[in-house]
Structures are given as C-alpha cells and as structure tokens.
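The values are calculated or read from the model by the stated rules, or taken from the named source; none is laboratory data. Quick caveat: nothing in here was measured; it's all calculated off a predicted structure. Quick reminder, even Gly has a Cβ in these numbers, built from the backbone with ideal geometry, and neighbours come from all protein chains shown.
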There are 2 protein chains.
Amino acid sequence: MRWNVARRARNVNSSVIREALKLAERPGIISFAGGLPAASTFPVQAFAEACARVLRDNGQAALQYGSTEGLGSLREHVAGMLPWPVDPAQVLITTGSQQGLDMVAKVLVDPGSRVLVETPTYLGALQAFAPMEPELEGVPGDDDGVDMQALQAAATNGEPARLLYLLPNFQNPTGRTMSEPRRAQLVQLAERLALPLVEDNPYGELWFEQQPPPALSARNADGCIYLGTFSKVLSPGVRLGYVVAPRPLIGPLLQAKLAVDLHTSTFTQHVVAEVLRDGFLERHVPAIRELYRLQRDTMLAALTREMDGLGVQWNRPQGGMFLWLRLPHGLDAAELLPLAAARGVAYVPGAPFHAHAPDPRSLRLSYVTATREQIDSGIARLADSVRDALQRRAA
Amino acid sequence: MRWNVARRARNVNSSVIREALKLAERPGIISFAGGLPAASTFPVQAFAEACARVLRDNGQAALQYGSTEGLGSLREHVAGMLPWPVDPAQVLITTGSQQGLDMVAKVLVDPGSRVLVETPTYLGALQAFAPMEPELEGVPGDDDGVDMQALQAAATNGEPARLLYLLPNFQNPTGRTMSEPRRAQLVQLAERLALPLVEDNPYGELWFEQQPPPALSARNADGCIYLGTFSKVLSPGVRLGYVVAPRPLIGPLLQAKLAVDLHTSTFTQHVVAEVLRDGFLERHVPAIRELYRLQRDTMLAALTREMDGLGVQWNRPQGGMFLWLRLPHGLDAAELLPLAAARGVAYVPGAPFHAHAPDPRSLRLSYVTATREQIDSGIARLADSVRDALQRRAA
C-alpha cells in the first residue's frame, strides 16, 4: 500500500527536541530537558479520596458520556478562580490546554492565514497551529515581552493577522514575564489593530516572589482567548485544561471540540472537581511555589558558581519552570548537546522554539524535575561541557 | 472585536442533531436519540478498586505526563485482544476513537482531497474530517455493506481518493453489518485500487447471536487503519480509544496526536489497564450483549405490534446499539420530530448522517439507553405520532 500523506504531515521538524528528550532518558543522565512537574508535588492522597467519593456517590454519571463544554461544576470553579469576571458559559473544558491550541487554530486559522507568535515561543503551539497551514510570523521582544514596534509592523504587513499568541507569565521556553507597562501597551495596540490575542497561561500560579501583573484577558476579555490548565498546579496526567473565550467564538470552539474528542473525560472532570472542593488549590499551590523557588535558586547559584568566566548568559525567572541560557559566541546548543549528554546532562536547544531566525546559542533549562543535588551536579557537568567545547573550538 | 472565523468553522450544519438531542433532554421524554450506553453496565466497583490500587502503587506516575503513543501495558493489552497479529508498536492510544478520526484526517487529508464514506455514516466522522476540508463522497450500499460497483466508480472518478471510511459492524446509524462475501470483495477491490481503508469498530464486541465476520484489517493490515474504543465495552466517560496503523503512518499519526493533546490521560490509562487485568472484559461484555439483545428484541416486538399497517419499515440489527427506521412515503423524519416530542418520544432524523442525498424518511433509534418498559411505551408514542402525521397529511 502506498500511503499518500497529507501535506501538513510532511516535513515535520521537531527532531531536535525528540533527540534531546531521547538523550535525556539515558540512564545516569541528569535531565533539564523535559517540562515534567516535580512528581512529589502531585496530591496522590487527595486523588485517591476523590476517586473513592466520586465512584461511590456518582459512579455511573462519572463513567458516562458528558457534555462537550465540560462538567458544569468544574466550569463554575474555573470561572470563580479567575481574577476577572468570567461567565461559566464562556468556559470550555479541554483535554489539556494543548487541545485548546488545536481548537483555536481550527476556528481562527485558514490555510495561508497570517498568525503572529512571540519568538521564541512554546513549541507545542507551533505544532498545534501547523496542521491548519498558517503563515507563522515571529514577533521579537525583550525581557519585558514582545516589542511594540515589531508587533505593529508584523500586524499591518499584509492581510490582517488572525491572532497573536503569547505566554505572558514565565514563558516557555524563556521563563520571561511580560511587564505591566508592556501589557497595557499591548492590549491597547491589539484593540486598535483589532488583533485577537490568544493568551496561554499554564505557569501563572507558579510565581515565586510576587504575583505577575494581571492577565491580558482581564483587560479586554472580548479581544482575548485565554488558555489555562490544571497540569502545573495539580497533575498533568489528568489532561485537564480550559479555554475562556468571547461569546461569538463559543459555538465554533464547541464544534471543534466535539469533532476532536466529543468531550473531555467525564471521569477525570468529576475527580478533579472533587479534589478542588473547599479551596484545595489555595492550600496546595504554595508548596509547589516554594519547592520550585528553591530549585530555581539552586540552579542560579550553581550557574554563578560553575559558569564563571565562560561567557555564558542566563536570566532569572520570577516563576514557572524554565530558565533561558545563552552559550558564548561561537557555540551551538544543538552541537553541544551530545557532548553534554556524554558528561551526563541534557537540555533542550533553543532553536526549534523560534518560528524563524533561530538563535543557535540559546537553550532551555528546566529546574523543576531534577532534585537540588542533581541541579548542582548537572550544572557542573554542563559547565564542563561548555569548557570542553570552547577548548575544542580554540584547538 | 471582529473575529475572523476560519472557513472550516463556518456553515457547520449539525443543527438537526443538536435540536434532536435538546428535545430528548426535556423532562418526561423517552429518548431513543442519543448513543448513550446503558449506565447500569458500567463496572463502577471495578473502577473504584482499580483507582485505589493505581494511586496506592503507582500514584505519581499515573498523575505525571506520559508518552504520546500511550501506556505500554495498555498498548500490549490492545494488541493482544485483537484477533489478528498486531505489534504493540502499531497501537496508539487515543482520547476516544473520535480523536483517532481527527488524527487520520490530519495525516491523510489535504484541502480538496477526495474522501469516500459509506452513506449514511457516523456523523462524528463527517465532523472530524470536515476541518481538513476534503471533498466528501458518499458510497451507497445495501444491507450487506457498500456497493462494489458504486465504490469502484467513486474511487476512480477523479484523483485517487485518500481513504474509504467504514463501520463494518452494527453501523452507526443504520445498525447494519457488512457480510462476509462483501468484506472479502471489498478488501480485494481496495487492494487493487490502492485505496486505504479506515475501519471504525466501536460496536464489534456487542454482537447478539454470533460474532460478526473478521475485520477488514485482519485481511489486509497494511492497507487499513483500525479504530477501536473502550467506550462501549467499559465506559465512554474515560475517553479511551486506540488506533492500529500500518508502520509508515505511525510517525505522522504520533505527530498529529502530540499536537492535539500531547497524550491521552495517563491516569485513565493506568486505571483502565488495571481494570482490564485478568480477563475482565471476557467476564463483563457478555452481560452487556445480553442486556442489549433483550432491549433490541423489545424494540422489534414493539415495532411489529405498534406500527402495524402504517407502512413503516425497519431493520433487525445483529448487535450494537442502533436500529434504522424508514417512515412511510410522504413523511419527513425531521418534520415528524416535534410531533413525536410533543407525544413524549425523541429520535435522531437520518438526513444529517448522509454525506449527500439525504433520505428524509429515515431515522435512527437507539435501544440501549431506555429501559424495556420505556421502549414499549416510546414506540407506542412514536406510532401515534406517525398515525397523527399521516392523518394531517391526508387532511
């Protein structure tokens, strides 16, 4: 049989990341590569109790088909926990927030549509948008977020862009957070340009010193689609996320959701709604913040100690899971990776996170999966690899 | 904000079904409309025990991210339970088999690709294919399955069709089953035409008198994609299905799966793998078969009794959940529906299940959600509605 594969399924170029994650799985490797939350934070006991209660009190309903928009009580919980007025009717439960990206692309992107993204940005968003065959355009930025002039230029360069996709809080991959003034400017500019914003906020609750500035959606809910998830505050394995969307998009989004999996697991929705009762997250999330803050501090201290004099640069994330590092001039993060893996440490090269013009010197480090001891030792190994590569280059 | 909705998200025409399901939710209505399995068959206790064991023995892994292809033990179970040789490496776990349809369309269908479907066929497949903007072409058939001459004509009429989608067993919506000779002919013709088959088999285990003939995939695994699900034999609420695909498609399908939800819930996969241990389905499924067989018999008897002399036709499904009914000449199932609802019974009109040339006299009845008492009374109400409509028409 000769299979005629669709155009969108050819030329998939995520091999760099796949190779990185494969290296990271080798025995003895300290991995800063994946984005796995620390499993020690998962509330296993709360899940066990919730499962027992749900199946005792409501077992048949929890195992039956459910509504496409999601469980009413969970949608109400989500609406209530967001810090701006949200009607539960505008909340759709998704199978992880990754699915929200697929739905958004299906509803807003035609083949050839112009789609703007921060660059670098979350690779999974690029992968979710790609099957709808958009023209992706990366908007550069700085530590405060996307650049306003670059955005204006990109938005008005050709037919109107269908959306701008952003992660304002502790971004994946860079860990950076959009500043308050930049948010205000951005929402104003987007309104003026009639440019829809897609705000992805998986990490916003994982702040260390202070809460990030209010969401873009809180400033102009009618012009934003907001994506959230329980993956980073509860469990990624349940695959529960949500989309908050302006009313005109609810119908098309529901239709897209229906076509892709009918609805998100009724069972996991019932269980998570039960876990969330009585303010569970308010008690649970501070412990995750504290753990990740300590791990970030450990990584920052180790970088300062180990990278001394190597010409390596990095940022100081104020929350979330990732730190962004730049190798010295002349080094390439993808080329360094096998050397680093040989020394027992792995990361993800930064190039694939860029829609265009990859920065080959950049790489992403996660500080949440490895223990503090592993972080110390892994950063030392990474420094050795850099030293090694610099010497090879000089030779 | 003016939202520019993608072409594929406009003109979505499932309003007939939505209206039918809305009517079916009215208090006091006996519904033959939905495709809800009988909740009394859900193994609530087995789920409770499995959840407790999984969270006790393996809680952190069950709540963590998992691999895109699915849990190894579940893939092995699926490979082992299929009655032809299947390598677990060719099994991908999906978020319900609906998601398998989305993945298949993403991987095989370009905008404008010709896609063949039985007509009538599963509406959810039409909805899953639609976002990829194929040219859908319905292939007519009879009680034995698709017509070979019509298929040959459709397959060779223009550029090669990308796939033929079929439900050979107890089809949704018609309840019909493809005969052994037709299957043999079909697989031979598809091979000759190099026409990929997508075989959807949600109901195959729900046979009443005898097992249906072997799957199309068992005859030519290299030319078929097979979709299965635990929805009808265990619980639809867990949203667990699977795709068995030829090797060249595994990579593209995995990429599509990654982009849409990263992976299916690790938690539900662990729980279902635990439920399935020690041959659970072999003990559990016979009870579902027996219940549904009795309910089908009740409906057939009620139809014979109540529809006498009305010129209504129906078939006798050999398994599954649905029966196909044809109203007398001059009646329209969509027009009859409000009358039927006023008398306290609901169904789904058959027209939307057709890719083209809808048959307005046809309608689908589910015999698995209502009790036997409700079936008796609901069919009497339906007969009254038909009588009423015939009288109005005569008047």
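Summary table
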| item | result |
| --- | --- |
| Selection within the stretch B:47-93 - out of contact with any Pro (no Cβ under 9 Å at 6 or more places or on another chain) and among the β-branched types (Val, Ile, Thr) | B:54, B:68, B:86, B:91, B:93 |
| Within the stretch A:341-364, tally of residues that are of a type in the set (A, V, I, L, M, F, W, C) and surrounded by fewer than 17 Cβ atoms within 10 Å (Cβ to Cβ) | 2 |
| Residues of the stretch B:171-227 classified as hydrophobic (A, V, I, L, M, F, W, C), within 30 Å of residue B:348 (Cβ to Cβ) and in contact (Cβ under 8 Å) with a residue 40 or more places away in the chain, total | 10 |
| Subset tally (residues that are of a type in the set (Phe, Trp, Tyr) and within 10 Å of chain B (Cβ to nearest Cβ)) for the stretch A:114-129 | 1 |
| Qualifying residue in the stretch B:165-182 (condition: more than 17 Å from the chain's Cα centre (by Cα) and closer than 20 Å to residue B:109 by Cα) | no |
| Search result, residues across the stretch A:18-47 that are surrounded by fewer than 19 Cβ atoms within 10 Å (Cβ to Cβ), part of a helix (DSSP H, G or I) and either more than 10 Å from chain B (Cβ to nearest Cβ) or at pLDDT below 95 (or both) | A:18, A:19, A:21, A:22 |
| Subset tally (residues that are surrounded by fewer than 20 Cβ atoms within 10 Å (Cβ to Cβ) and more than 7 Å from chain B (Cβ to nearest Cβ)) for the stretch A:91-113 | 1 |
| All positions within the stretch A:209-234 that are β-branched (Val, Ile, Thr) and in contact with a Gly (Cβ under 9 Å, 6 or more places away or on another chain) | A:225, A:229 |
| Flag if residue A:338 is surrounded by fewer than 17 Cβ atoms within 10 Å (Cβ to Cβ) and touching a residue at least 60 places away in the same chain (Cβ under 8 Å) | yes |
| Among (1) within 14 Å of chain B (Cβ to nearest Cβ); (2) within 27 Å of residue A:184 (Cβ to Cβ); (3) not acidic (Asp, Glu) - the single one residue A:132 does not satisfy | (2) |
| Helices (runs of 4 or more DSSP H) within the stretch B:205-311 that include 1 or more residues within 13 Å of chain A (Cβ to nearest Cβ), among the aliphatic types (A, V, I, L, M) and closer than 25 Å to residue B:165 by Cβ | B:247-261 |
| Residue identified as in contact (Cβ under 8 Å) with a residue 40 or more places away in the chain, buried (at least 22 other Cβ atoms within 10 Å of the Cβ) and either within 22 Å of the chain's Cα centre (by Cα) or within 30 Å of residue A:49 (Cα to Cα) (or both) among A:289, A:296 | A:296 |
| Residue in the stretch B:80-88 that is crowded, with 18+ Cβ neighbours inside 10 Å and under 23 Å from the mean Cα position of the chain (by Cα) present | yes |
| Matching residues, the stretch B:357-378, being within 17 Å of residue B:343 (Cβ to Cβ) and part of a loop (DSSP other than H, G, I, E, B) | B:370 |
| Residue within the stretch A:349-366 that is touching a residue at least 40 places away in the same chain (Cβ under 8 Å) and over 25 Å from the mean Cα position of the chain (by Cα) present | no |
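Condition check ((1) of a type in the set (D, E, K, R); (2) within 23 Å of residue B:241 (Cβ to Cβ); (3) touching a residue at least 12 places away in the same chain (Cβ under 8 Å)) across all residues:
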{"position": "A:69", "(1), (2), (3)": "yes, yes, yes"}
{"position": "A:80", "(1), (2), (3)": "no, no, no"}
{"position": "A:97", "(1), (2), (3)": "no, yes, yes"}
{"position": "A:110", "(1), (2), (3)": "yes, no, yes"}
{"position": "A:116", "(1), (2), (3)": "no, no, yes"}
{"position": "A:123", "(1), (2), (3)": "no, no, yes"}
{"position": "A:133", "(1), (2), (3)": "yes, no, yes"}
